[in-house]
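S.K.: Starting off with a structure, shown below.
The values are calculated or read from the model by the stated rules, or taken from the named source; none is laboratory data. For clarity, every value in this text was computed on a predicted model and none was experimentally measured. Reconstructed Cβ throughout: ideal geometry from the backbone, glycine too, with neighbour counts over all protein chains shown. Just the protein is used for accessible areas: all its heavy atoms, side chains included, with ligands, DNA and RNA removed. Shrake-Rupley method; radii C 1.70, N 1.55, O 1.52, S 1.80 Å.
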Amino acid sequence: MALKIVKGSIDRMFDKNLQDLVRGIRNHKEEEAKYISTCIDEIKQELKQDNIAVKANAVCKLTYLQMLGYDVSWAAFNIVEVMSSSKFTYKRIGYLAASQCFHESTDVIMLTTNQIRKDLSSPNQYDTGVALTGLSCFVTPDLARDLANDIMTLMSHTKPYIRKKAVLIMYKVFLKYPESLRPAFPRLKEKLEDPDPGVQSAAVNVICELARRNPKNYLSLAPLFFKLMTSSTNNWVLIKIIKLFGALTPLEPRLGKKLIEPLTNLIHSTSAMSLLYECVNTVIAVLISLSSGMPNHSASIQLCVQKLRILIEDSDQNLKYLGLLAMSKILKTHPKSVQSHKDLILQCLDDKDESIRLRALDLLYGMVSKKNLMEIVKKLMLHVDKAEGTTYRDELLTKIIDICSQSNYQYITNFEWYISILVELTRLEGTRHGHLIASQMLDVAIRVKAIRGFAVAQMATLLDNAHLLTGNVQRKGICEVLYAAAWICGEFSEHLENPMQTLEAMLRPKVATLPGHIQAVYVQNAAKLFATVLKSGEGSADSTAAQEMMIERLPLFVQSANLEVQERASCILQLVKYIQKLQQKDVEIAEEVIALFAGELNPVAPKAQKKVPVPEGLDLDAWINEPPSESESEDEQPRAIFSKEEPKYSRPRHTEVDEKELAKRREVRKQEQASNPFYIKSSPSSQKVYQEGPGVEHIPVVQIDLTVPLKVPGLPMSDQYVKLEEERRQKDRADKKKKEKKKRKEKRGGGRGKKHDSGPESEEDITPAHMVDIVTEEMPENALPSDDDDKDPNDPHKALDIDLDKPLADNEKLPVRSHRAAEVLKSPTEDEDEPVVQSEETSVVAAPPTSTTSEVSDLDFWLSNAPVPSNAQEAAPVAADPVPEAASGAAPDSEPEEPKDTEAEETPMSNYCLLAENSYIKMMLEDADQVNDIQGNLQDGSQVVVSVIFENKCESFLKSMEFNVLDSLNSKLQRPEGSGAHDALSVPFQLPPGVSNEARFVFTMQSIVMPQKLKGTLTFIVKNEDSSTHEKLEFKLHFTCSSYLITTPCYSDAFAKLLESGDLKCSSVKLEGISMPFHHLLAKICFHHHFSVVERIDSCASMYSRSIQGHHVCLLVKTSEQTVSIDAKCDEPTLLGNVLDEIKQTFSQC
Amino acid sequence: MLLTFTDCKIRFLLLFSRQGKLRLQKWFTPMTEREKKKITRDMTTMVLSRQPRSCNFLHWKDLKIIYKRYASLYFCLAIENGENELIALEVIHRYVELLDKYFGNVCELDIIFNFEKAYFILDEFLMGGEIQETSKQMVNRSIEASDMLQEGDNSEWFELELFG
């Protein structure tokens, strides 16, 4: 036996370890595959041995081979074996292999559940850690369900190392098993305040991820995150939180207002680029969601743009890129702020890095206006000439076209210029985008009627010089523009100056080398031209020449291999021959020929067909005939060149719409068209419109210069238009000024003239060069509005859209193995020391809504903390009021409370009240609220947290603020360890002028049955430019008994049991002259005194609250007319008495 | 299909050489081998074809790819669209620092021959696509502690195997 072991280990020593394998692979470069297959054979042998060390070594090698791309799924079971080794060394290897090789469909995963559970509860934290890490890679829905409870327990592990990992993996568990979210969430939330920064940051990570996917469920956490944001110094965590706020603000605009200030502070102060970038992005997002709700947000935008400019100017390519990226977000809402940095963005077009150039292009797209379009496009055209590499050049080309054509050619003031740009673009060598240019030419020529004459002239020149476009093999893509040129010349041939010349150009033999679909268009449009020539003078020399040319040249196309060309050509050839015959008989035929091509073409919207509503009673899915036995393969559709303009019409279907209905619809449609300014009726006056337009005389006739073959000669350079346009605008402006002067003079004669704002030229001032009508695309009548739902139904986060504020029902508990103690699962409302929910009933329906509402309203108050100035003044004397109140809580101080300060005088329902104020600083006290974790930990029940907002009211800088309170026997300010009992606490921030910030102070209370007053002082230094002075502010902190109560929901049956138990002392109070509605009264008690409504029947309500030390307080509130009677029960009579007094106080001030 | 699954902010980390040889791969969302291979191929060709002195960011499908070259190795990280690119760069840099600290002047060969160690370090730094520990000391400490544990295991094993 011993020999076998020794032999095994000697064998092992001769085995290859990982290093040997790697070395071997490197030495067998030529026959790697062969070498590896022998290695795999060896590994298979090793896996058969009993020795776990050998197996682990084999699995380790397999993990390496897996990375090289070899299939190792066959060894999945062996991996599980190694995972379950008791030795950490092997376990580690096993889990690593599993995390690399396992995926959801690996079936051995289901064998691992128990092993993983064992490892999770291992006494060795590294065993647990390794299991958690592995699990995070291959957790399946089954594993998540079975292990959710174990992992949740680990979130409270003693070692932060484990807590951190457990918190992080919880996110994966939620995704795989969404039911676990609600039961686990309270504990996760607790971890936001974990003492270990690593655990805290993990919890922030997970909650932020959850919240970003379903923000509305996490809105109530905003105050907590806000606090974290203002206190955290860890940039990684800050970035997470800031990102989260970016997701929350669209849901709660008030949050955005609150955020702007701390974010801009960070932007000013941080040196970390990543944080700066995140802040800028979030500020942009916030401002976008606020839209125009903020009065002075232009300053913030300006700040962002300014910082982004610095990024873009940086030599670091990454910052440049990100700057441009963020700039494009601002552009959408604040185009003006970005437009002023046009120079910088145009510079980026020269960058070596293509991705930066593309970003800059994207930006330019949004930056154009009527004013700068020509200039920007001119710059881009220069870049087109310079650009190396076809991809970037093509990108430029599409961008130019996108920029010009965006929002229905909104920014184009001169379409002649645009046509020239398109024509210039045809000079591009080797572009793929010929069809794009072509469709633009067609679109403009069809929709902008005024430009047709010019377009036709340009297209005619293009056709005349077609050889320049087709000469080169590389230029295949560009010849698509000839398609457009031929069609435009044919369709609008009435504008042609010399139709004969164009006809000749279209029938050249060289045309036969063009692609078939272009030839077909040539032939068809030659016929249109012919008709025009015929009309211009029947029997003239021109028309006979045209006839002869057609008869002579068309046979070439009749022989074409392309069916379409052949068919059209032979048809037209016959037609021309027939016309010739008729003409020989002296028959006037021109009118009839022209009638062949009569009619106006209007563009049709791309989605028009889709939007035709299905008539009632028509079932498109029903079979008209018997269904065929076999499905036929559909014919492939030929690629249409201008798919935009030609929607495919489906076969007309027989519908049961009667004639009357049709006639009615037609009538409605006509009326609609009549009132639509964009709809152009087919009027014969279209020619006149053009003749009135200027611009024809600008077409320069340039000498044909054959030495530069790539320039299409005889075409105007678009640059000229830029100049002309400038002159025209100047003239316009001058004209306008003159007119205005005149007007002013006239006005002055009449009386007072208004001052005219002669600022820079605004968008509206730029009048288009032509009176341009842009024809909108046609839509069918009764078009349905499109309602595209773009939500992805497969999004796993949909399952996590869970309301976390709802109390937990029993059936939502995580599955637990039976022998495990179930207490860890208890939700806050099911706490053990709460007799409330010990009843067995699972009354989900009866769950009190109060917890939700109170959270929501808390958020409301947090968000609306801005104090109303008038109230502050009113409250000011109260703080200065020298009430000789004994600060010692030990003395039984049962005299009725003096007028309760501030709180009740505030606008109803505000959480903050004025604490003290002088000319330098204002202190606002938040209604003391309790630090008490949700599970009601009684050990911490003696702590009260006071939030104080410090606001700098003066023009100077406030620093070195120190907060001190004179402790009483009963209540003490918690000071850091090592400091004396009377030392002041320094406030952890400084205040620039006008800024406010919040600090929290923790107090320890011995007894909470009595209200408390503590005297305190705030000392601070007021720093001016030249001097600094010490200042002091005195204040008095008032802890009411109500502030020791926590809003706790309670079920009615539990409430009844509590009352029955008989342990409670009774007391009651009557309030007279209360005129407010009952629900207001209840809301007031809930808000000011932290109660929750258990049940309400008509004018009677039961309410419940609990003190931080676990006292139950029950109220029965009844109202009749103006009298309210409150019967109360509590296990601590003094506390009860004080609470009732405070309630009385609240209402006496109404 | 799987790419539309928005599971975690970091989707994967790849290390490959200038020749396009994969040196380390970490997938934070489960994927089939075929998908992994395809993505790896796409990434290597895309990143290796970048011009020098370009920015370190790429857009690929619905992800942002952040890569950085250290000596002969490319580190390539895929993050979700809404994430911060600069933080991703910091993640890469932090990982390199951790490797450097562990191996002492790390080079490609260290990672080839000790690839499992490189994974262990990564597992202490990132988990489930999230940053697990932002402190370098903490990561180093837990790696050292695990290694100590492993050595304890090993010596024990040798004694047992050879003399037991």
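S.K.: What does the accessible area of residue A:958 come to, in Å² to the nearest 10, when a probe of 1.4 Å is used?
M.R.: About 0 Å², ignoring ligands and nucleic acids.
S.K.: Add -39500 (n - 2.57) for each DSSP H run of 4 or more in chain B, then divide by its residues: what number comes out at 222 nm, to the nearest 500 deg cm²/dmol? Walk me through the intermediate numbers first.
M.R.: Values: 5 runs with 80 residues, N = 164.
Using -39500 (n - 2.57) per qualifying helix, the result is -16000 deg cm²/dmol.
S.K.: Another one. Measuring from centroid to centroid over Cα atoms, what is the spacing of segment A:252-280 and segment A:318-338 in Å?
M.R.: 16
S.K.: Turning to a different aspect of this structure: Quick one: helix B:33-48 against the long Cα principal axis of chain B, what's the angle to the nearest 10°, folded into 0 to 90?
M.R.: Here the helix axis deviates by roughly 70 degrees.
S.K.: Hey, another quick one. Quantify how strongly other chains surround peptide A:130-138 by giving the mean number of their Cβ atoms within 10 Å of each of its Cβ atoms. Before the final figure, lay out the partial values.
M.R.: On the way: counts 3, 0, 4, 9, 1, 2, 9, 9, 1.
Mean inter-chain Cβ contacts per residue within 10 Å come to 4.
S.K.: Expected output is a single nm value to one decimal: the length gained when fully extending between residue A:609 and residue A:339, i.e. 0.36 nm times separation in residues minus the C-alpha distance. What is it?
M.R.: Values: separation 270, 0.36 × 270 = 97.20 nm, distance 3.91 nm.
Taking residue A:609 through residue A:339 to full extension adds about 93.3 nm, to one decimal.
S.K.: Where the accessible area of chain B is counted over protein heavy atoms with a 1.4 Å probe, how much of it, in %, is carbon and sulfur? Write out the running numbers ahead of the final one.
M.R.: Details: 3670 of 6780 Å².
On chain B, the fraction of accessible area on carbon and sulfur atoms equals 54 percent.
S.K.: Using the basic label-point model (7 angstrom from Cα toward the beta carbon), what is the residue A:354 to residue A:1034 distance in nanometres?
M.R.: Inter-label distance under the simple model: 7.6 nm.
S.K.: Taking a virtual spin label 7 Å from the Cα of residue A:26 along the C-beta vector, which residues in segment B:81-122 bring their backbone nitrogen under 13 Å of it?
M.R.: Only B:107-115 fall inside the zone, counting backbone N under 13 Å.
S.K.: Please report the accessible area of residue A:142 (heavy atoms, 1.4 Å probe, ligands and nucleic acids excluded) in Å², nearest 10.
M.R.: Spelled out: residue A:142, probe radius 1.4 Å, area about 90 Å².
S.K.: Please compute P(r) over all alpha-carbon pairs of segment A:964-1112, binned at 5 Å starting from zero, and give each bin as a whole-number percent.
M.R.: 2, 7, 12, 15, 14, 12, 10, 9, 8, 6, 3, 2, 1, 0, 0
S.K.: Then there is this: What FRET efficiency, computed as 1/(1 + (r/R0)^6) with R0 = 60 Å and r the Cβ-Cβ distance, is obtained for residue A:582 and residue A:298, rounded to the nearest 0.05?
M.R.: Details: r = 75 Å, r/R0 = 1.24.
Rounded to the nearest 0.05, the efficiency is 0.20.
S.K.: Any residues in segment A:52-90 that have 20 Å² or more less accessible area with all protein chains than in their chain alone, probe 1.4 Å, and which are they?
M.R.: SASA drop of 20 Å² or more in segment A:52-90: A:60, A:64, A:66, A:67, A:69, A:87, A:88, A:89, A:90.
S.K.: Here's a follow-up. Can you pull the percent of segment A:973-1051's accessible area that's carbon plus sulfur, 1.4 Å probe, other chains left in place? Walk me through the numbers on the way to the answer.
M.R.: Working: 1730 of 3660 Å².
With neighbouring chains kept in place, the figure for segment A:973-1051 is 47 percent.
S.K.: Moving to a separate point now. How would chain B be classified by its alpha-carbon gyration tensor: rounded, prolate or oblate, with rounded meaning a/c under 1.5 and the a/b versus b/c comparison settling the rest? Before the final figure, lay out each step's value.
M.R.: Details: a/c = 1.85, a/b = 1.80, b/c = 1.03.
Prolate.
S.K.: Next up: Based on the Cβ-Cβ distance from residue A:1004 to residue B:101, what FRET efficiency comes out when R0 is 41 Å, to the nearest 0.05? The partial results should precede the final answer.
M.R.: Details: r = 44 Å, r/R0 = 1.06.
So, using R0 = 41 Å, E works out to roughly 0.40.
S.K.: Between residue A:41 and residue A:1019, what is the FRET efficiency for a Förster distance of 60 Å, r being their Cβ-Cβ separation, to the nearest 0.05? If you can, show how the numbers build up before the last one.
M.R.: Numbers: r = 81 Å, r/R0 = 1.35.
The value I calculate is 0.15.
S.K.: What number comes out for the charge environment of residue A:501, summing +1 per Lys or Arg and -1 per Asp or Glu over other residues with Cβ under 13 Å away?
M.R.: Details: positive: A:508; negative: A:464, A:497, A:504, A:542.
Once positives and negatives cancel, what remains is -3.
S.K.: Report, in listed order, any pair from A:16/A:87; A:189/A:798; A:342/A:723; A:61/B:38; A:118/B:36; A:371/A:607 with a Cα-Cα distance greater than 28 Å.
M.R.: Numbers: A:16/A:87 21 Å; A:189/A:798 21 Å; A:342/A:723 20 Å; A:61/B:38 23 Å; A:118/B:36 31 Å; A:371/A:607 32 Å.
Long pairs (Cα-Cα over 28 Å): A:118/B:36; A:371/A:607.
S.K.: Compute for chains A and B the buried accessible surface, both sides summed, probe 1.4 Å, and express it in Å² to the nearest 100. Walk me through the intermediate numbers first.
M.R.: On the way: alone 59430 and 10040 Å², together 62910 Å².
Chain pair A/B: roughly 6600 Å² of buried accessible area.
S.K.: Over all pairs of distinct alpha carbons, what does the Kirkwood formula give as the hydrodynamic radius of segment A:1-158, in Å? Display every interim value, and only then the final one.
M.R.: Values: mean 1/r = 0.0599 Å⁻¹.
Kirkwood radius, segment A:1-158: 16.7 Å.
S.K.: Taking the Cα centre as origin and putting +1 on Lys and Arg beta-carbons and -1 on Asp and Glu beta-carbons, what dipole magnitude results for segment A:328-406, to the nearest 20 debye? Walk me through the numbers before you get to the answer.
M.R.: Details: 14 positive and 12 negative charges, 94 e Å.
Taking the Cα centre of segment A:328-406 as origin, the dipole is about 460 debye.
S.K.: Any idea which of B:58, B:129, B:78 is furthest toward the positive side of the dipole for segment B:12-164, if Lys and Arg beta-carbons carry +1 and Asp and Glu beta-carbons -1?
M.R.: Most positive-ward Cα: B:58.
S.K.: Continuing with this model, one more query. Write down the accessible area per residue of segment A:231-323 in Å², having rolled a 1.4 Å probe over the full set of protein chains.
M.R.: Details: 3400 Å² over 93 residues.
Each residue of segment A:231-323 exposes 37 Å² on average to a 1.4 Å probe.
S.K.: Still on this model: Based on the alpha carbons, how large is the Rg to Rh ratio for segment A:167-216 when Rh follows Kirkwood?
M.R.: Working: Rg = 10.3 Å, Rh = 10.9 Å.
Rg/Rh for segment A:167-216 comes to 0.95.
S.K.: How charged is the neighbourhood of residue A:354? Take every other residue with its Cβ under 15 Å from the Cβ of residue A:354, and add Lys/Arg as +1 and Asp/Glu as -1.
M.R.: Numbers: positive: A:320, A:352, A:357, A:359, A:386, A:393, A:399, B:50, B:53; negative: A:350, A:351, A:353, A:362, A:388, A:394, A:395.
Here the count lands on +2.
S.K.: Between beta-carbons, use under 13 Å as the cut-off and find the net charge around residue A:543, counting Lys and Arg +1, Asp and Glu -1.
M.R.: Numbers: positive: A:535; negative: A:538, A:542, A:548, A:588.
Net of charged neighbours comes to -3.
S.K.: What does the structure give for B:56-64 when I average, per residue, the other chain Cβ atoms found within 10 Å of the residue Cβ?
M.R.: Numbers: counts 5, 8, 1, 2, 0, 0, 0, 0, 0.
So the per-residue partner count for this stretch is 2.
S.K.: Using the structure shown, select from A:329/A:352; A:172/A:332; A:216/A:1084; A:91/A:240; A:165/B:101; A:610/A:664 the pairs with a Cα to Cα distance greater than 32 angstrom. Display every interim value, and only then the final one.
M.R.: Values: A:329/A:352 24 Å; A:172/A:332 35 Å; A:216/A:1084 26 Å; A:91/A:240 34 Å; A:165/B:101 23 Å; A:610/A:664 22 Å.
In this structure, A:172/A:332; A:91/A:240 lie more than 32 Å apart at Cα.
S.K.: Now, a different point. In nanometres, what is the gap between the two model label sites at residue A:563 and residue A:332, each 7 Å from Cα along Cα-to-Cβ?
M.R.: About 4.8 nm separates the two model spin labels.
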